[in-house]
Amino acid sequence: MNAGFRCPPRRGIAGGRPGAAAEGPRSHAGTLLRTLLVAGAVALLAACAAVGPNYVRPPTPVPAAYKEAGAQDVRGSATAPAAGSWWAIYGDPALDALAAQVKVDNQTLAAAAARVRGAQALVKAAGGAALPSVGAGTLKSGRRTENDFGIWDSWELDLWGRIRRNIEAHRAAAKASEADLAAATLSMQAQLVQSYFALREEDAAIALLQHAAEVGDKWHRMVANQYAQGVASSADVAQALLRSSTPQLQLADARASRAQFEHAIAVMIGKPPAEFSIAPAPFASQVPAIPAGVPAALLERRPDVVASERRMAAASARIGVSKAETLPSINLAAGIGVLEGPTATADIRALLFAGGRLDAQVDYADATYAEAIANYRQTVLVAYREVEDSLVATSALGNAAELQARAAAAAKESDRVTRNQYREGVADYAAVVDAARAVLDAGRAELQLRRRRLDVSVNLIKALGGAWQPAVEPDPRAVR
């Protein structure tokens, strides 16, 4: 229904008692003042009411300690990754320079940053609904003159907290978008770091393969000369060719693989592969010992967990929005027209029948919140699993690395002894080729294992949140 606050018509001296014309404006002002006082009183009452649940983060199981934490020996050498530049723990300046460019130039992250700005804009839009709207145009009133022109002001009273709950939901959604950006940044940085380790592994493998290819090629030439002199058979030549071609084929694969990792890194930092290159360098990165910390800290350190929790808070606030839409609403309007002067109206609406649509919206909001709770708890469980997986892999690969290091050292020693025997005439060159092949196999296995250990350490840092820290949030129990 529509209640109009109208001013009495202005009368001249001949149409009424003397002085009546002077009382009109005062009457207008008094009516408008009463309207504003009533609106203020209603707004004060409305400020105390906000339907829907006040959000409190639901409990989720949190273990006291990680099950596999004891498998990782971090005594004396553990180093916590630095916030904002966790990759610096590997001590590689070239890697530091590359990883720092991911956040600046990566286009996937640029798209995620745009989504954050969009979510923040929606917060401002939702907050604007709590303020009066002022404009100029046609005014309608209950007077004889149906249309007037002037300045108008309208305001929806937040009688049941619908606007406040909507702001609360959008704020939580914006924080979720910020955490999504942090999660995407961490994931892209981890991908770049692992690609860099793979590239450096290929650098070291190429050096091993080049040496093996040179030894095999020399052996093939020697056997071919022996065949020409009638000392060796064609089968010997074929066998020597097979031995020399194998490392050469592997060398071509290693070079192609290195180029592909280089191309991938170029895209990650927002550059065309044709305009980017990384100079070969030794594979010198060592595996750091990383403390896992306490499981409870994971809920605040991992950006994907924080994003899921903020979506849960937004879903809780939307329950209040849907419930408020089932209740009456009051819109106040006031204006000053050219013809009629001040006017004020109050529009009170209450929906009596909607075919169950509004109740269904409330049920949908409840179900969405229940879904958000389940998603949050699942995200937490997956986070704990990823930490446990990385911890146990760290331990297992560390033990295997010790065995592989001894095997590689033994192969190198065998190669050294065999070469000395060849120089002394005790062993033939075929033994030198076999020893070089053993060095190649053991060396590549050692490189692959070190790369796997480095990858696991990156996965552990990522699982722990990469030392990311969310912005300080207000008490989630408070209604914003």
- Looking at (1) over 30 Å from GLU309 (Cα atoms); (2) surrounded by 15 or more Cβ atoms within 10 Å (Cβ to Cβ), which is the only condition GLY356 fails? (2)
- Message: Being under 30 Å from ALA370 (Cα atoms) and either of a type outside the set (D, E, K, R) or modelled with pLDDT under 90 (or both) narrows it down to one residue among ALA20, ALA99, ALA78, ALA65; which is it?
- Response: ALA65
- Sole residue being within 30 Å of LYS67 (Cα to Cα), assigned to a helix (DSSP H, G or I) and in contact (Cβ under 8 Å) with a residue 24 or more places away in the chain, chosen from ASN375, ASN399: ASN375
- Task: Determine which member of the set ARG419, ARG406 is surrounded by 15 or more Cβ atoms within 10 Å (Cβ to Cβ), more than 22 Å from LEU460 (Cα to Cα) and more than 33 Å from the chain's Cα centre (by Cα).
- Result: ARG419
- Message: For segment 251-300: of the residues being small (Gly, Ala, Ser) and surrounded by 18 or more Cβ atoms within 10 Å (Cβ to Cβ), which is nearest to ALA111 (Cα to Cα)?
- Response: ALA266
- Could you run through segment 210-238 and say how many residues are among the acidic types (Asp, Glu) and either touching a residue at least 12 places away in the same chain (Cβ under 8 Å) or surrounded by 17 or more Cβ atoms within 10 Å (Cβ to Cβ) (or both)? 2
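The rows are residues; the columns are (1) charged (D, E, K, R); (2) closer than 28 Å to ALA333 by Cα; (3) surrounded by fewer than 17 Cβ atoms within 10 Å (Cβ to Cβ).
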position	(1), (2), (3)
ARG115	yes, no, yes
GLY128	no, yes, yes
GLY137	no, yes, yes
ARG164	yes, yes, no
ILE167	no, yes, no
ALA176	no, no, no
ASP180	yes, no, no
ALA190	no, no, no
GLN194	no, no, no
- Message: As an exercise: evaluate ALA307 against (1) in contact with a Phe, Trp or Tyr (Cβ under 8 Å, 6 or more places away or on another chain); (2) at pLDDT 85 or above and give the number of the one condition it does not meet.
- Response: (1)
- What about ALA284, is it out of contact with any Cys (no Cβ under 7 Å at 6 or more places or on another chain), at pLDDT below 95, aliphatic (A, V, I, L, M) and within 20 Å of ALA467 (Cα to Cα)? no
- Message: modelled with pLDDT under 85, closer than 30 Å to TYR66 by Cα and of a type in the set (Gly, Ala, Ser): is that true of ALA354 in this structure?
- Response: no
- Task: Could you please find all residues in segment 210-257 being outside any helix (DSSP H, G or I) and over 22 Å from TYR422 (Cβ atoms)?
- Result: GLY230
- Answer yes or no as to whether GLY335 is crowded, with 17+ Cβ neighbours inside 10 Å and in contact with a Ser or Thr (Cβ under 6 Å, 6 or more places away or on another chain). yes
- Item | ALA207 being in a helix (DSSP H, G or I), surrounded by fewer than 22 Cβ atoms within 10 Å (Cβ to Cβ), under 54 Å from the mean Cα position of the chain (by Cα) and free of Cβ contacts under 8 Å to residues at least 40 places away in the same chain | yes
- Checked segment 325-342 for anything within 52 Å of the chain's Cα centre (by Cα) and either part of a strand (DSSP E or B) or of a type in the set (A, V, I, L, M) (or both); matches are LEU327, SER329, ILE330, ASN331, LEU332, ALA333, ALA334, GLY335, ILE336
- Query: Taking only pairs six or more apart or across chains, which ones have beta-carbon atoms under 8 Å, a first residue in segment 320-341 that is free of Cβ contacts under 8 Å to residues at least 40 places away in the same chain and on the phi < 0 side of the Ramachandran plot, and a second residue that is of a type in the set (Val, Ile, Thr) and not in a loop (DSSP other than H, G, I, E, B)?
  - Reply: THR326/VAL362
- Message: Given the criteria at pLDDT below 85, crowded, with 17+ Cβ neighbours inside 10 Å and not in a helix (DSSP H, G or I), does ASP153 qualify?
- Response: no
- Query: Can you tell which of VAL321, VAL380, VAL305 is within 21 Å of VAL458 (Cβ to Cβ) and either part of a helix (DSSP H, G or I) or of a type in the set (Ser, Thr, Tyr) (or both)?
  - Reply: VAL305
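Please find, among ALA410, ALA393, ALA370, the residue that is without any contact (Cβ under 8 Å) to a residue 60 or more places away in the chain, in a helix (DSSP H, G or I) and under 30 Å from ARG452 (Cβ atoms).
Criteria check complete, one pass: ALA410.
The values are calculated or read from the model by the stated rules, or taken from the named source; none is laboratory data. Here the structure is a predicted model, which is why all the values come from computation and not from measurement. We place every Cβ from the backbone using ideal geometry, glycine too, and count neighbours over all the protein chains shown.
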